[in-house]
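Values quoted throughout were computed directly from the atomic coordinates according to the rules given, and no laboratory measurement underlies them. Source: prediction; values computed, not measured. Glycine gets a Cβ as well: all are built from the backbone with ideal geometry, and neighbour counts include every protein chain shown.
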Amino acid sequence: SLEHAFASNVTKEDMGLNHLLQPQASFKVAILGAAGGIGQPLALLIKMSPLVSTLHLYDIANVKGVAADLSHCNTPSEVLDFTGTSELANSLKGVDVVVIPAGVPRKPGMTRDDLFNINANIVKSLMEAVADNCPGAFIHIISNPVNSTVPIAAEVLKQKGVYDPKKLFGVTTLDVVRANTFVAKKKNLRLIDVDVPVVGGHAGITILPLLSKTRPSINLSDEEVEELTFRIQNAGTEVVEAKAGAGSATLSMAYAAARFVESSLRALDGDGDVYECSYVQSDLTELPFFASRVKLGRKGVEALIHSDLQGLTEHEQKALEALKPELKASIEKGIAFVQKQA
Ligand code: NAD
Ligand code: LMR
């Protein structure tokens with residue numbers, strides 16, 4: 001399973017740190033927003049990857065200390081720091097994967113869409129630099145609201161004439177990580193065995209776990225489906241409330257983002273068996289962007305897994321129809337934001 005693939009990479013191998021002293025591949029990864037709550041633990045996890053030769057850490061402040069600290073880990077990748085807009089272009093040159101967790105997080109009582117005004121501008125300006133300096137890279141967007149920031153990123157790339165829809169990803173891995181954890185717990189399964197596809201988008205009811213497609217196959221009562229779906233959809237809010245004003249998920253997000261980076265690097269390295277859920281340009285529904293399982297290859301998305309939307313339960317089918325208006329509005333808001341400034 002996907003969990004198994006990631007866990008076997010990170011746990012078995014990384015427990016015996018020996019292989020980390022031998023670089024196996026030489027990919028360059030940049031993190032924009034690297035000094036933040038997600039950026040720091042994400043940088044640490046990526047520093048442990050045997051597939052990475054160079055890690056570029058960019059932020060508007062505080063990144064020098066993070067890089068100095070991280071650079072003392074005796075894993076093969078080199079860590080370079082870049083501070084402020086004057087160093088942004090250099091942070092992007094030659095990178096294979098760029099991960100963007102830059103932006104403000106939610107506080108209790110806010111929706112992800114309440115972050116739009118600040119984060120839309122941040123993502124737009126960072127994407128202009130990505131388009132100019134590493135248009136061929138895989139781009140992983142974490143900044144919320146993902147349902148809108150990915151369409152924003154696509155519009156910027158289109159305006160710059162370098163949009164490759166196969167290489168632009170909204171990171172929804174945390175929804176899958178959460179779904180796997182909650183389902184395994186409820187059904188007393190081994191965590192490593194459970195894989196739940198999560199489709200749609202990344203906010204509230206647009207997060208649609210396809211519990212009927214859980215592997216291994218499980219029996220859930222209607223009440224269990226309701227309860228699990230609600231918990232998965234509100235897990236971000238659960239963390240925002242527990243942190244009580246100090247931000248949103250950072251550690252579990254870094255774990256999920258690191259898994260998505262590792263999967264991307266494996267695909268870039270030629271592994272022909274890499275699947276992840278991600279929010280991408282899609283023809284699975286009438287909406288231009290939609291999260292689903294995708295097959296990753298050297299050139300990005302190799303295929304969308306159409307079968308995930310076939311044979312849904314009545315509950316899932318209803319939830320799918322119900323999420324479309326909200327997701328559509330978020331997509332259109334992102335597109336309009338870039339187009340009105342053109
Ligand atoms: P944070 O405030 O701890 O860190 C954000 C970092 O971004 C800061 O270091 C800040 O200096 C930096 N930043 C701000 N403007 C920047 C710019 N123009 N260029 C570069 N860096 C800039 O926040 P966080 O907890 O790390 O969360 C970051 C974002 O990730 C939020 O929008 C949050 O909602 C989102 N998020 C998404 C998911 C997901 O599943 N996709 C999960 C958790 C959080
Ligand atoms: C999450 O799902 O944890 C993130 O999108 C952050 C948030 O605001 O909930």
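Per residue, how much space in cubic angstrom lies within the convex hull of the C-alpha atoms of the stretch 34-148?
103
With viscosity 1.306 mPa s and temperature 10 °C, the Kirkwood radius over alpha carbon pairs of the chain converts through Stokes-Einstein to a diffusion coefficient of 79 µm²/s. Charge dipole (Cα centre; +1 on Lys/Arg Cβ, -1 on Asp/Glu Cβ; no other charges) of the stretch 110-268 amounts to roughly 480 debye.
Only the Cβ atoms of Lys and Arg (+1) and of Asp and Glu (-1) were treated as charged; on that basis the dipole of the chain about its Cα centre amounts to roughly 400 debye. This ranking places Lys124, Lys213 by how few other beta-carbon atoms lie within 10 Å of each, fewest first, which gives Lys124, Lys213. Remark: Glu241, Glu262 ranked as Glu241, Glu262, counting other beta-carbon atoms within 10 Å and listing the fewest first.
So for Val338, Val194, fewest C-beta neighbours within 10 Å to most, what's the order? It would help to have the intermediate numbers written out before the result.
Values: Val338 21, Val194 25.
Least crowded to most crowded, the residues run Val338, Val194.
Note on the stretch 83-136 and the stretch 244-267: Cα centroid distance 16 Å, given to the nearest whole angstrom. Against the empirical 2.2 N^0.38 Å (N residues), the stretch 146-288 has a Cα radius of gyration ratio of 1.12.
In the chain, what % of DSSP beta bridges are antiparallel (nearest 5)? Working shown, then result.
Numbers: 18 of 40 bridges.
Here the antiparallel bridges make up roughly 45 percent for the chain.
With the charge dipole of the chain set up from +1 on Lys and Arg Cβ and -1 on Asp and Glu Cβ about the Cα centre, the Cα lying farthest toward the positive end among the listed residues Val123, Gly109, Pro165 is that of Val123.
Working from label points 7 Å from Cα in the Cα-to-Cβ sense, the Asp193 to Ala61 distance is 5.0 nm.
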